[in-house]
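Take a look at the structure below.
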Amino acid sequence: MKILAIESSCDETAAAVVEDGRKVLSSIVASQVEEHRLYGGVVPEIASRRHAEAITPVVRRALSEADLTLSDIGAIAVTYAPGLIGALLVGVNFAKGLALSTGLPLVPTHHLRSHIASNYISNQELKPPFLCLVVSGGHSHIVMVEDYTKMKIIGQTRDDAAGEAFDKAARTMGMPYPGGIELDKVAENGDPKAFKLPRPVVHDAPYDFSFSGLKTAVINLIHNASQKGEELNKADVCASFRYAVVDCLTANFLKAARDLNVNQLVIAGGVSANSLLRRTLESECKKHGYSFYMPEKSLCGDNAAMVGAQGYYEYLSGNTANSDLNAYATLSIEK
Ligand code: KG4
Ligand code: ZN
């Protein structure tokens, strides 16, 4: 079955055609990041307006690059939560109109579930159950994926998401939005042990994360140095900060895997592109005898191919909506 998938939860307008949840026939992503960079972050109203302009040509291109027409499509999957509400509504309403005019089933798809599903494209043999670390700009979760549409949150951040922490630290060092990517690159040439940064733990919740203290610690380090007129080695600051974030993420994730006795470990979301996170988990999993899966780098960020992958499994489990489908800024991955 071929699914036409639509994604507009943040600053990427994306459409894709995916066959049977695993085979990407086309994937188009129109990014607005250059425009938001001027403001140091995503401006919600601008995002909604750009989605409204881009969505028709992006969907048309996804169909034409797959060499298909709407008559070849079996269902329409769309991201309906979580994300920027105005942005989500553009995709949801477009998908609703398309479903109404074609008579095709409409499949509401959760954005974080889609991030997880990017792994079904990159790792064809992967099947649930597995434990997944979902790390994006807005979320940091450890999720037990019991089945394709059955998930349980094992741990989550109490404050900032990992991506948010990376972006704020990067911004303090003058890097353009979204700074996580550049911070990762600069960190490659630095000493991760140059600066001692905290590894915050959440009392009585061993799988939860807290990144706001760590973020404040690195911001203070940078500000204090600049007040004293001292020049810090940027690569060393990036490397030390990245090491601290990755340490927190991997420690809880590996502890959860051990405690829950899971042997398939998976990462997903924008931050799963982080080089150190990928390297660390690859070697730790090898050491512990776990199978480890990650999305290819091009599928870590927001895209619609992953929506087509998850949408297929949502459709199989009977999750379809009618024309009263709404969008939600927040919604648990368990729902
Ligand atoms: O999943 P995503 O594309 O969008 C959301 O759903 O939030 O994640 C975007 C986040 C941004 O915070 C970005 O800085 C971060 O992922 N990110 C990275 C890297 N690549 C993207 N963070 C650290 N290292 C990277 N290589
Ligand atoms: Zn995302």
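A few comments on the model shown:
- Scan of region 298-335 for residues that are in contact (Cβ under 8 Å) with a residue 24 or more places away in the chain and of a type in the set (Asp, Glu), ordered by number: 302, 314, 334
- Put simply, of 2, 23 the only residue that is charged (D, E, K, R) and under 21 Å from the mean Cα position of the chain (by Cα) is 23.
- Test: residue in region 94-106 that is in contact with an Asp or Glu (Cβ under 6 Å, 6 or more places away or on another chain) and among the aliphatic types (A, V, I, L, M): no
- Any pair with Cβ under 6 angstrom, 6 or more apart, that starts in region 257-283 at a residue that is under 15 Å from residue 137 (Cβ atoms) and touching a residue at least 24 places away in the same chain (Cβ under 8 Å) and ends at one that is more than 16 Å from ligand 2 (Cβ to nearest atom) and open to solvent by 10 Å² or more (accessible area, probe 1.4 Å): 274/184
- Of all residues in region 162-176, those satisfying the criterion of being closer than 23 Å to residue 224 by Cα and either near ligand 1 (Cβ under 7 Å from one of its atoms) or touching a helix residue (DSSP H, G or I) at 6+ places or on another chain (Cβ under 7 Å) (or both) are 164, 165, 166, 167, 168, 169, 170, 172, 173, 175, 176.
The values are calculated or read from the model by the stated rules, or taken from the named source; none is laboratory data. The structure displayed is predicted, hence computed values, not measured ones. All Cβ positions, even for glycine, are placed from backbone atoms using ideal geometry, and neighbour counts span all protein chains on display. These accessible areas exclude ligands, DNA and RNA; they are computed on the full protein's heavy atoms, side chains included. Shrake-Rupley method; radii C 1.70, N 1.55, O 1.52, S 1.80 Å.
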